[in-house]
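Asks: Here it is, the structure, as C-alpha cells.
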Amino acid sequence: MAVEQYRQIIQQLILERAQRRSPQEEIERQAILDTERDHYLLLHTGWRDNRRTHGCSLHLDIKDGKIWIQHDGTEVGIATQLLELGVPSSDIVLAFHSPFMRQFTEFATH
C-alpha cells in the first residue's frame, strides 16, 4: 500500500473515534492530523465528574513508509483494525514495544 492510503486509513480511524460521545461526561475528543509531518493523535480533554482529564489515547506516525504505533490506549487495538483494513503486518511497527521485543511479534521491527 502507498503512504497516501495509510494517511487516509489513519485519518478515518481517528476521526471515527473522535466523533464518539459519552453523554455522562464532558470530554472533548480532538483529532490531531498532521499530514505534512505524518503525526496523528487522538486527544481527550475535559471533565469526568469533578476530575480533570487530559491525555492521548492514540498516537500514530508514518515513517519510512510504515505505520508506527507510538501509543494505543484503546480497547479494540488499532493494529487489529489496520490489519482488517488491508495494511500488511510488515508495514506496522509496534513502537510502544522496545526494539528488542519487536522481533517476537508478527509485526515489523523498524
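Laboratory data are not the source of any read-out in this text; all were calculated from the coordinates shown. Quick caveat: nothing in here was measured; it's all calculated off a predicted structure. Glycine gets a Cβ as well: all are built from the backbone with ideal geometry, and neighbour counts include every protein chain shown.
Asks: Pick from segment 86-108 the residues that are in contact with a helix residue (DSSP H, G or I) (Cβ under 8 Å, 6 or more places away or on another chain) and outside any loop (DSSP other than H, G, I, E, B): which of them is farthest from Leu13 (Cα to Cα)?
Replies: So the residue we want is Ala108.
Asks: Within segment 73-91, how many residues turn out to be in contact with a Leu (Cβ under 9 Å, 6 or more places away or on another chain), free of Cβ contacts under 8 Å to residues at least 60 places away in the same chain and either surrounded by fewer than 19 Cβ atoms within 10 Å (Cβ to Cβ) or over 25 Å from Arg20 (Cα atoms) (or both)?
Replies: Residues flagged as in contact with a Leu (Cβ under 9 Å, 6 or more places away or on another chain), free of Cβ contacts under 8 Å to residues at least 60 places away in the same chain and either surrounded by fewer than 19 Cβ atoms within 10 Å (Cβ to Cβ) or over 25 Å from Arg20 (Cα atoms) (or both) within segment 73-91 amount to 3.
Asks: For residues that are part of a strand (DSSP E or B) and of a type in the set (Asp, Glu), scanning just segment 24-63, find the one that is surrounded by the fewest Cβ atoms within 10 Å (Cβ to Cβ).
Replies: Ranking the qualifying residues of segment 24-63, first place goes to Asp34.
Asks: Within segment 3-10, does at least one residue satisfy the condition of being surrounded by fewer than 12 Cβ atoms within 10 Å (Cβ to Cβ), free of Cβ contacts under 8 Å to residues at least 60 places away in the same chain and either among the aromatic types (Phe, Trp, Tyr) or within 29 Å of Arg102 (Cβ to Cβ) (or both)?
Replies: Yes, that holds for at least one residue.
Asks: If the requirement is being of a type in the set (A, V, I, L, M, F, W, C), farther than 21 Å from Glu106 by Cβ and touching a helix residue (DSSP H, G or I) at 6+ places or on another chain (Cβ under 6 Å), which of these qualifies: Leu15, Leu42, Leu60?
Replies: Just a single option satisfies the conditions, and that option is Leu42.
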